[in-house]
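Right, one structure below, let's go through it.
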Ligand code: B12
Ligand code: SF4
């Protein structure tokens, strides 16, 4: 038996290209592959860097999809079905809208794959596939298998060494899919398993995909202590609660942390409160940046445009902050109401969702009616801000001669600049001053790593409910569907 696992290319048809390397390999499908019984042949095809062969694929085809990739996932599923294949769809979008996914699939896996994918395989073998696979408990984090990295070609990616140590988040920011997917708690993998996995990663550079690597202070301390002797360099995501526990950030730095992604989101305290991101305080942003820089950690900060309080001045104010406060790398997005989130429900109930093509739900299109801005102004301001931040002038102003301006920071800025340059309409914003650079991480880091940190929705939490954390034990009920 053969299984083919597919990562569809996200975004609009015209914007899909294989000219630039995807950032990271699909940890989701490498994990699903690792759950597949040993006697089943498995292949992973990532459409961002490979072509899909509809003929030679396995009889069972598994497809993952974020919302931005959902339309393409359905197209691929429909084509495979024409070739007589059996389709299973899983991932964050199918979990939010399982019935929509079911129209294009023989089975839908709702939520995490552990404990469900094994049943899919055995049911398929018996010819008794069910339409939906869900469960009453969350997987025990100690049962998360080591992803099958041998199924991808690391050279296809900017950074191949990605790893997950925790799942979920105890908070519920209105715009974020994490809590609707994971159900509101925080589960951690046993440290010895994580260390074993990291030890086997080639090269020195590692990216933790966890939504908040300092989400549980005790776990974070143990993790960083265990990481220190491994001599790795790493980047991850952390919340501004770091200000309460500076010792943890020092330990992170001592264990090789060179960059942290921080979800700042907005400079408005009112918006932070409305979005449920009360753990962020505007007046603490500079202090957090200063603290991280003192420890030699670069700050990758995310900002979102289009909140109801945002007026036309939001773009300039944000750029000014990014430049003056010394943000090393900025990730900008247009507010996007992902299905399953509180934001989606609110905007939907207010009749403000105007776009139903999921391919446009990628953080760089306006898919709803903003309150104080016209959709055109929002898009224009977003492009202007990105173009400005990644102009050479701004990069040099921001990075100058700071301690945190290590190769990682330069590389990431140039990688962003290259990507921003590829999709911004240069004639409109006029601030990208050259053709996009062609970069390879190997050149920038002397061959030690395959790439740089990248873009992703802003993360950041206040101190999580420590009682919600369970090490190595499943612990909560399946969310309401
Ligand atoms: C790393 C990451 C990225 C990386 C890499 C993505 C990649 N190639 O894997 C990068 C930086 C490229 C990225 C980009 C974006 N991301 Co992102 N990303 C993440 C992050 C932090 C971790 C994903 C991960 O690797 N998890 C580890 C694996 C093991 O878990 P998993 O993916 O959940 O997979 C499990 C299950 O979902 C399930 N499963 C998944 N697929 C399938 C398929 C089958 C067949 C089966 C059976 C099961 C199954 O089984 C797996 C094991 O249990 C998540 C947050 C999160 N916690 O999920 C956001 C997240 C997925 N990203 C998000 C967003 C919004 C984006 C961007 C739009 C951001 C932007 N503005 O550009 C882009 C779009 C990218 C795209 N192609 O669609 C949102 C998605 C929301 C949504 N509804 O779509 C998330 C959930 C973050 C959030 N806070 O809301 N992202
Ligand atoms: S704290 Fe971060 S991961 Fe948690 S819900 Fe908010 S944005 Fe999502």
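The values are calculated or read from the model by the stated rules, or taken from the named source; none is laboratory data. None of these values were measured; they are calculated from a predicted model. Cβ sites come from the backbone with ideal geometry, for glycine too, and all protein chains shown count toward neighbours.
Residue 136 versus (1) at pLDDT 95 or above; (2) farther than 19 Å from residue 3 by Cβ; (3) touching a strand residue (DSSP E or B) at 6+ places or on another chain (Cβ under 8 Å): which is the lone unmet condition?
Result: residue 136 fails condition (1) only.
If only one of 205, 175, 181 is away from ligand 1 (no atom under 12 Å from the Cβ), buried (at least 19 other Cβ atoms within 10 Å of the Cβ), within 22 Å of the chain's Cα centre (by Cα) and in contact (Cβ under 8 Å) with a residue 60 or more places away in the chain, which one is it? Step through it out loud before you land on a result.
Values: 175 fails: away from ligand 1 (no atom under 12 Å from the Cβ); 181 fails: away from ligand 1 (no atom under 12 Å from the Cβ).
Result of the check over 205, 175, 181: 205.
Scan the stretch 387-401 and tell me whether some residue there is on the phi > 0 side of the Ramachandran plot, out of contact with any strand residue (DSSP E or B) (no Cβ under 8 Å at 6 or more places or on another chain), free of Cβ contacts under 8 Å to residues at least 12 places away in the same chain and not in a helix (DSSP H, G or I).
Within the stretch 387-401, one or more residues are on the phi > 0 side of the Ramachandran plot, out of contact with any strand residue (DSSP E or B) (no Cβ under 8 Å at 6 or more places or on another chain), free of Cβ contacts under 8 Å to residues at least 12 places away in the same chain and not in a helix (DSSP H, G or I).
Can you name every residue in the stretch 345-376 that is within 16 Å of residue 176 (Cβ to Cβ) and under 19 Å from the mean Cα position of the chain (by Cα)?
Residues satisfying the conditions are 361, 362, 363.
Select, from 166, 185, the only residue that is within 16 Å of ligand 2 (Cβ to nearest atom), at pLDDT 95 or above and in contact with a helix residue (DSSP H, G or I) (Cβ under 8 Å, 6 or more places away or on another chain). Spell out how you get there, then give the answer.
Numbers: 185 fails: at pLDDT 95 or above.
Criteria check complete, one pass: 166.
Based on what the data block shows, is residue 213 in a loop (DSSP other than H, G, I, E, B), more than 17 Å from the chain's Cα centre (by Cα) and within 14 Å of ligand 1 (Cβ to nearest atom)?
Numbers: in a loop (DSSP other than H, G, I, E, B): yes; more than 17 Å from the chain's Cα centre (by Cα): no; within 14 Å of ligand 1 (Cβ to nearest atom): yes.
Answer is no for this residue.
State all residues of the stretch 186-195 that are surrounded by fewer than 21 Cβ atoms within 10 Å (Cβ to Cβ) and outside any helix (DSSP H, G or I); if no residue qualifies, say none.
190
Restricting to the stretch 25-43, and then to whatever is within 8 Å of ligand 1 (Cβ to nearest atom) and part of a loop (DSSP other than H, G, I, E, B), can you tell me which residue is farthest from residue 201 (Cα to Cα)?
26
For the stretch 277-295, give me each residue that is in a loop (DSSP other than H, G, I, E, B) and free of Cβ contacts under 8 Å to residues at least 60 places away in the same chain.
Passing the criteria: 281, 295.
Among the residues in the stretch 84-99, are any surrounded by fewer than 20 Cβ atoms within 10 Å (Cβ to Cβ), assigned to a helix (DSSP H, G or I) and either touching a helix residue (DSSP H, G or I) at 6+ places or on another chain (Cβ under 8 Å) or without any contact (Cβ under 8 Å) to a residue 12 or more places away in the chain (or both)?
The initial filter retains those residues of the stretch 84-99 that are surrounded by fewer than 20 Cβ atoms within 10 Å (Cβ to Cβ), namely 84-86, 97, 99.
Now drop any that are not assigned to a helix (DSSP H, G or I), which leaves 99.
Checking the rest, the ones that are also either touching a helix residue (DSSP H, G or I) at 6+ places or on another chain (Cβ under 8 Å) or without any contact (Cβ under 8 Å) to a residue 12 or more places away in the chain (or both) come to 99.
Yes, some residue in the stretch 84-99 is surrounded by fewer than 20 Cβ atoms within 10 Å (Cβ to Cβ), assigned to a helix (DSSP H, G or I) and either touching a helix residue (DSSP H, G or I) at 6+ places or on another chain (Cβ under 8 Å) or without any contact (Cβ under 8 Å) to a residue 12 or more places away in the chain (or both).
Of all residues in the stretch 385-405, which are surrounded by 19 or more Cβ atoms within 10 Å (Cβ to Cβ) and modelled with pLDDT of 90 or more?
385, 386, 387, 388, 389, 390, 391, 394, 395
How many residues are at pLDDT 95 or above and either in contact with a helix residue (DSSP H, G or I) (Cβ under 7 Å, 6 or more places away or on another chain) or closer than 26 Å to residue 220 by Cβ (or both) when one looks only at the stretch 139-159?
Summing the residues that are at pLDDT 95 or above and either in contact with a helix residue (DSSP H, G or I) (Cβ under 7 Å, 6 or more places away or on another chain) or closer than 26 Å to residue 220 by Cβ (or both) in the stretch 139-159 gives 8.
May I ask you to verify whether residue 311 is surrounded by fewer than 24 Cβ atoms within 10 Å (Cβ to Cβ), touching a strand residue (DSSP E or B) at 6+ places or on another chain (Cβ under 9 Å) and not in a strand (DSSP E or B)? Talk me through it step by step, then tell me what you get.
Details: surrounded by fewer than 24 Cβ atoms within 10 Å (Cβ to Cβ): yes; touching a strand residue (DSSP E or B) at 6+ places or on another chain (Cβ under 9 Å): no; not in a strand (DSSP E or B): yes.
Answer is no for this residue.
Taking the condition out of contact with any strand residue (DSSP E or B) (no Cβ under 7 Å at 6 or more places or on another chain), assigned to a helix (DSSP H, G or I), away from ligand 2 (no atom under 16 Å from the Cβ) and in contact (Cβ under 8 Å) with a residue 40 or more places away in the chain, does residue 250 pass? Talk me through it step by step, then tell me what you get.
Numbers: out of contact with any strand residue (DSSP E or B) (no Cβ under 7 Å at 6 or more places or on another chain): yes; assigned to a helix (DSSP H, G or I): yes; away from ligand 2 (no atom under 16 Å from the Cβ): yes; in contact (Cβ under 8 Å) with a residue 40 or more places away in the chain: yes.
It is true that residue 250 is out of contact with any strand residue (DSSP E or B) (no Cβ under 7 Å at 6 or more places or on another chain), assigned to a helix (DSSP H, G or I), away from ligand 2 (no atom under 16 Å from the Cβ) and in contact (Cβ under 8 Å) with a residue 40 or more places away in the chain.
Tell me, which residue of the stretch 216-240 that is surrounded by 20 or more Cβ atoms within 10 Å (Cβ to Cβ) and in a helix (DSSP H, G or I) is nearest to the chain's Cα centre (by Cα)?
Within the stretch 216-240, the match that is nearest to the chain's Cα centre (by Cα) is 240.
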